[in-house]
Amino acid sequence: MNNNPQDGSKRVGNWGPRQAPNLDPNRQWAALRRRYEWNDSYDDGVAPRDQELENELFGEENHVHTGINFTKYSTIKVSVKPEGIITPVSTFDDANLHSAMKDNVKLARYTVPTPVQKYSIPIITEGHDLMACAQTGSGKTAAFLIPVLSKLFGKAKKLAAPRPPPGARRFKAEPLVLIIAPTRELATQIFDECRRFTYRSMMRPCVVYGGAESLPQKNELAKGCDVLTATPGRLNDFVERGFISLRRVKYLVLDEADRMLDMGFENDIRKIVQKSDLCDDGTRQTLMFSATFPKSIRSLAKDFLAEKYIFLTVGRLGSTTSDITQKIMYVEDQGKRNSLVELLLKQPPSRTLIFVETKRGADSLDDYLYNQNFPTTSIHGDRTQREREDALISFKNGRSPILIATAVAARGLDIKNVMHVINYDLCNDIDEYVHRIGRTARVGNQGLATTFYNERNADIAPELVKILVECNQEVPDFLLSYKPQDMRFDDDDDDFVTENISTAKSTQEDTWGQQQQKSGWDAQNTWDVNNSTYPTDSTDFPFPQVQNDGWSTNNVAPQQQPPQPTYQSFQQQSMPPYANQPPPQSPSQFSQPQYGGGTSPKVNLPKSNIQYNTTPQQSYGYNAPTPQSYGSGNYGNPPNNGPRQNHYNNDDTNRYDDSNNDNYRNAESPKNQRNQLRNVQMENEVRNDPPPNSDTWGAPAQQQNKPWDPSNVPW
Ligand SMILES: Nc1ncnc2c1ncn2[C@@H]1O[C@H](COP(=O)(O)OP(=O)(O)OP(=O)(O)O)[C@@H](O)[C@H]1O
């Protein structure tokens, strides 16, 4: 731990100070964000610019720059069924877009369409229903918004419902476009995209989602709503209460369609499509998008599509992008916390998303890391919607560059410069794995995904190995027995065909004959472990030594906990050479909790401001592990706290619970009180402004096309 001499704040490794999320009680809900307001005095085609709004919508803050592998997209195999009826566009100029849309595409700095856009633009423009599957981060949102909105721009006056008179008490919103998404955060993100692409047009976007107050959402609907993004629960609620009619809908879009049609949401969607007044006169198009589409869901989806729908796949259905370096570490449950701390200390501080299985697990890990002075926050279904939005804002702006999340953040979220995704608890479902790791390495950027694996995850191992092999990733020795000898892509089935394993091959003699990728980011512009300044004494960065230990060569996962790094190895390896402060040198320093054991310390929330000069043991009221407990490999269970429960056995589920849960009403729940107390605690601490340029959390490599330069890090 470092005590920053200037401001006294506690820091761990090279991470910045932990800070309270942006708790602004006056911050408005996402649904109220500004959008372009059309005035009937404007000519159809030419609406004036609004410079302030333009800066907000298209400014640097949220712009995800394309990465060095963006051009590789053009080499991905695309399949369109039925064949021969669609000619892809090759540029946006080819696409015959409305002039306002052309301007917006330029403002969004899109120069070349991605493959899914090249095909979906003509498919949608020509009036087909569509089921589209393309890799995470490959621009699926724009793939439907651009053609849908462009087509409507010219017809808005004719098709759109008249605006309710100002202040109307009785009204019905009658959108032309309805986009349904599984989570609130994704819905608001799509709404933001709608705000961008409807800029200077007549089309007015709105969003309705659970967890936030209904009234502001209703008030926005009352001002006019042509493009509605919604989560299913709140949408059904508003339809039932008569605030929304779906009778004019010309485009129904299911984003993350496989998720929208699986058990959790299927009933909601059936209700919307089959029991509401949704336009059914044959003029409506239905569009489904996702990075994954399991076979069972594909056949179910046909219930909602026209008979002659088009099925578009970019790359293999359900595959992930090869821009993600995937690393699998064998870590027993009781060693996870230490391995995580070690991993976080070894990586250059950068925006990092950690997935856990349960809401309780998220809270507990968040507390644990936070108490070790890591700048964390968390997002899950038990937090109030305001807390969730605050957490996301803090993660995006760099105040809290480590976000601990349940599956609620697995799909769709597009946050720039997420450099590292850690699967602390591996999920059971390979599709969810694909979505989770897809939060990094977007639009041709590169990223790292580290997964903690142990015997309890054996169910997912065969599918996981196939993904690793397909993406030319290293298959660790403990997973070799799951490696198929032959694996082909079956065009008819859109699925893997594997043959039986005869002999397990080591990663060195890869049967596919493809070059192994280097670990870490490679290419000129990113971390290159073999070549880089970071960290010179640990060639297996960012992975602790456990991978190289003897057990891993036996082709079988070890029965016992693998050897853990010792105090000695921490001293030698954990701190990057450019650390501002030296690594812990003495046992007394080392016994401080940031290198602590596997059990969450008891959090005694202080009544007054935290005194930084006191020892952490006093401040936080728990016994930190001793150096001896590290050395003995026993540090997962600090002596006085006993062994940790396997928190992901708890029965609180993480499943997307955004359909009906209005949890902003539960602000007084014990969990939320705890969160509020913690927020107060953080508020009272020494505060630092976010890094001047929050991109320092990940951008140096990705944005400036140059190697990671620690001097860019502002502490
Ligand atoms: N043609 C383009 N050129 C440059 N950037 C683009 C282009 N199309 C989309 N983007 C950007 O790519 C990023 C990822 O897009 P988007 O979120 O739509 O991906 P996605 O395919 O829906 O991913 P996921 O499967 O994770 O939901 C966004 O920041 C978007 O602005």
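The values are calculated or read from the model by the stated rules, or taken from the named source; none is laboratory data. Quick caveat: nothing in here was measured; it's all calculated off a predicted structure. A quick note on method: Cβ atoms are made from the backbone with ideal geometry, for glycine too, and the neighbour counts reach across all protein chains shown.
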Filtering region 410-449 down to residues that are within 15 Å of the ligand (Cβ to nearest atom), assigned to a loop (DSSP other than H, G, I, E, B), surrounded by fewer than 24 Cβ atoms within 10 Å (Cβ to Cβ) and over 12 Å from the mean Cα position of the chain (by Cα) yields VAL443, GLY444
Note: among GLU56, GLU52, GLU60, just one is out of contact with any strand residue (DSSP E or B) (no Cβ under 9 Å at 6 or more places or on another chain), charged (D, E, K, R) and more than 16 Å from the ligand (Cβ to nearest atom), namely GLU52
- Query: Regarding VAL177, is this residue over 20 Å from SER41 (Cα atoms), of a type outside the set (S, T, N, Q) and either surrounded by 24 or more Cβ atoms within 10 Å (Cβ to Cβ) or modelled with pLDDT under 95 (or both)?
  - Reply: yes
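Here is a yes/no grid of residues against (1) touching a residue at least 40 places away in the same chain (Cβ under 8 Å); (2) more than 15 Å from the ligand (Cβ to nearest atom); (3) crowded, with 24+ Cβ neighbours inside 10 Å:
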| residue | (1), (2), (3) |
| --- | --- |
| LEU107 | yes, no, no |
| SER120 | yes, no, yes |
| THR125 | no, yes, no |
| CYS133 | yes, no, yes |
| LYS140 | yes, no, yes |
| LEU145 | yes, no, yes |
| PHE153 | yes, yes, no |
Residue hits (region 79-101; crowded, with 16+ Cβ neighbours inside 10 Å and within 16 Å of the ligand (Cβ to nearest atom)) are PRO88, VAL89, PHE92, ALA95, LEU97, MET101
Within region 379-409, of all residues that are assigned to a loop (DSSP other than H, G, I, E, B) and in contact with a Phe, Trp or Tyr (Cβ under 6 Å, 6 or more places away or on another chain), the one surrounded by the fewest Cβ atoms within 10 Å (Cβ to Cβ) is THR384
Report task. May I ask you to verify whether LEU365 is outside any strand (DSSP E or B) and either surrounded by 24 or more Cβ atoms within 10 Å (Cβ to Cβ) or modelled with pLDDT of 95 or more (or both)? Result -> yes
Regarding ILE460, is this residue at pLDDT 95 or above, more than 14 Å from the ligand (Cβ to nearest atom) and in contact with a strand residue (DSSP E or B) (Cβ under 6 Å, 6 or more places away or on another chain)?
no
Residue count, region 245-279, condition modelled with pLDDT under 95 and small (Gly, Ala, Ser), comes to 2
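Looking only at region 393-435, how many residues end up being among the basic types (Lys, Arg) and at pLDDT 95 or above? If you could, list the steps in order and put the result at the bottom.
Keep residues of region 393-435 that are among the basic types (Lys, Arg), which gives 396, 399, 411, 416.
From the residues that got through so far, the ones that are at pLDDT 95 or above too are 411.
Residues flagged as among the basic types (Lys, Arg) and at pLDDT 95 or above within region 393-435 amount to 1.
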Exception for ARG388 within (1) farther than 28 Å from GLY139 by Cα; (2) in contact with an Asp or Glu (Cβ under 8 Å, 6 or more places away or on another chain) falls at (1)
When region 436-447 is checked residue by residue, the ones that are modelled with pLDDT under 95 and hydrophobic (A, V, I, L, M, F, W, C) are ALA441, VAL443
The lone condition GLU332 fails out of (1) modelled with pLDDT under 95; (2) acidic (Asp, Glu); (3) closer than 30 Å to ASP366 by Cα is (1)
Over region 62-89, the set of residues without any contact (Cβ under 8 Å) to a residue 60 or more places away in the chain and not hydrophobic (A, V, I, L, M, F, W, C) is SER74, THR75, GLU83, GLY84, THR87, PRO88
Being out of contact with any Lys or Arg (no Cβ under 6 Å at 6 or more places or on another chain) and either within 16 Å of the ligand (Cβ to nearest atom) or under 18 Å from ALA449 (Cα atoms) (or both) narrows GLY335, GLY361, GLY315 down to just GLY315
